[in-house]
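Some notes on the structure that comes next.
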Amino acid sequence: MSDAYQEAAEALRHARCAVAVTGAGISVESGIPDFRGPAGIWQKYPPEDFATIGAFMRDPAKVWNLWYDLGQDLGGRQPNPGHRALARLEGLGLLKAVITQNIDNLHQAAGSREVIEYHGNARRQVCLQCGQAGPLDLSKRSDTAPRCPCGGLIKPDIVMFGELIPPEALERSAQWVADCDVMLVVGTSAQVFPAAQLPYTAKEAGAVVIEANVETTDFTRTVTDIFLHGPSGTTLPRLVDAVSG
Ligand code: CNA
């Protein structure tokens, strides 16, 4: 076992409060491409034309095409060993919460219980006029943008660029970040704010930052103390072995 795993295991064992921040990378091994990679959705749908709330208000039917394609990416996916490793760490009492930018529900499916969805969830929809929320099935494609009985536009409950982070997610994650002395940062590119701020805030407050990614990021160059290099479906189970061994 290399030193990085021993060090990370040691940090987790001695942590008063460890939390994880996850991004699209943890779900890549479940078959869901991240947005920025070569198979990512930004290749077909440039974010400035499809991922802002302004773009949605200008042409909702056009943006629903992206949601339906995303629904195909997300449909039928199962948690992978990376998701399960985080659930296991929570079960062992070594991880208090997962703050995820993902919208795919896979942490919950893996058994994680304290999951904060920073960018919403693709299984829910919300009416922009009356606020009514409900389940969403993205497999039922339509040519027109769905409307609520109140006449308002319906949107998947996914945070778009230009929208606020849901206040409850913001508050709960701020609390966990303030409380944590170890932060595990998994599969996120450090590009999307304010989520990308969380490791910086934790570090400023004295937390040890453990990062797991297939490549280095801005976090690696600034706040990361321990870097676990490789796919999280391999590195996180290895970390669990190190911590429980
Ligand atoms: P991103 O910007 O696409 O970055 C992904 C990161 O994951 C990169 O740093 C990669 O190097 C890394 N990575 C890729 N594969 C692996 C792997 N196997 N193991 C570990 N790391 C890996 O994604 P972010 O999450 O940083 O960006 C935030 C956006 C992307 C959020 O708004 C998400 O909603 C959105 N997103 C979510 C999903 C999902 O729910 N599964 C999928 C795609 C995008």
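The values are calculated or read from the model by the stated rules, or taken from the named source; none is laboratory data. Just so it is clear, the model here is predicted, and its values are computed rather than measured. Backbone-built Cβ (ideal geometry, glycine too); neighbour counts: all protein chains shown. Each accessible area value is taken on the protein alone, full model and side chains, heavy atoms only, with ligands, DNA and RNA left out. Shrake-Rupley method; radii C 1.70, N 1.55, O 1.52, S 1.80 Å.
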- Query: Within the accessible area of the chain, what % is carbon and sulfur when the probe is 1.4 Å and the other protein chains stay in place?
  - Reply: 51
- What residue among Gly93, Gly151, Gly23 shows peak mean-square fluctuation when the chain is described by a Gaussian network model with Cα springs under 10 Å? Gly151
- Query: Expressed as a whole percent, how much of the Cα-Cα distance distribution for region 122-245 exceeds 23 Å?
  - Reply: 50
- Message: Tell me the volume per residue, in Å³, of the convex hull enclosing the alpha carbons of region 61-179.
- Response: 110
- Query: Between Ala178 and Thr216, what is the label-to-label distance in nm when each label sits 7 Å out along the Cα-to-Cβ direction?
  - Reply: 3.4
- Item | For region 80-88, 3J(HN,Hα) per residue [Karplus equation, 6.51 cos²θ - 1.76 cosθ + 1.60, θ = phi - 60°, Hz, x = Gly/Pro] | 10, x, x, 4, 5, 5, 5, 4, 5
- Two-decimal ratio, region 155-220, of alpha-carbon radius of gyration to 2.2 N^0.38 Å: 1.18
- On average, how much accessible surface per residue is there in the chain, in Å², for a 1.4 Å probe, leaving out ligands, DNA and RNA? 46
- Note on the structure: Rounded to whole angstrom, the alpha-carbon centroid of region 28-99 lies from that of region 180-245 at a distance of 19
- Note on the structure: Sorted by chain and number, the residues with a modelled amide H under 5 Å from that of Arg36, at a separation of 5 or more or across chains, are none
- Message: Can you work out the Karplus-derived ³J(HN,Hα) for every residue in region 211-223? Use 6.51 cos²θ - 1.76 cosθ + 1.60 with θ = phi - 60°, whole Hz, and x for glycine or proline.
- Response: 10, 10, 7, 7, 9, 6, 9, 4, 4, 4, 7, 10, 10
- Task: State the extension gain, in nm to one decimal, for the chain segment bounded by Thr52 and Arg36, taking 0.36 nm per residue of separation less the distance between their alpha-carbons.
- Result: 4.2 nm
- Quick one: what does P(r) look like for the chain with 10 Å bins over all Cα pairs, in whole %? 8, 32, 34, 18, 7, 1
- Task: Report the normalised scattering of region 1-83 as log10 I(q)/I(0) at q = 0.11, 0.12, 0.18, 0.27 Å⁻¹, calculated by the Debye formula with identical scatterers on the alpha carbons.
- Result: -0.48, -0.55, -0.86, -1.27
- Note on the structure: In units of 2.2 N^0.38 Å, the Cα radius of gyration of region 60-123 is 1.28
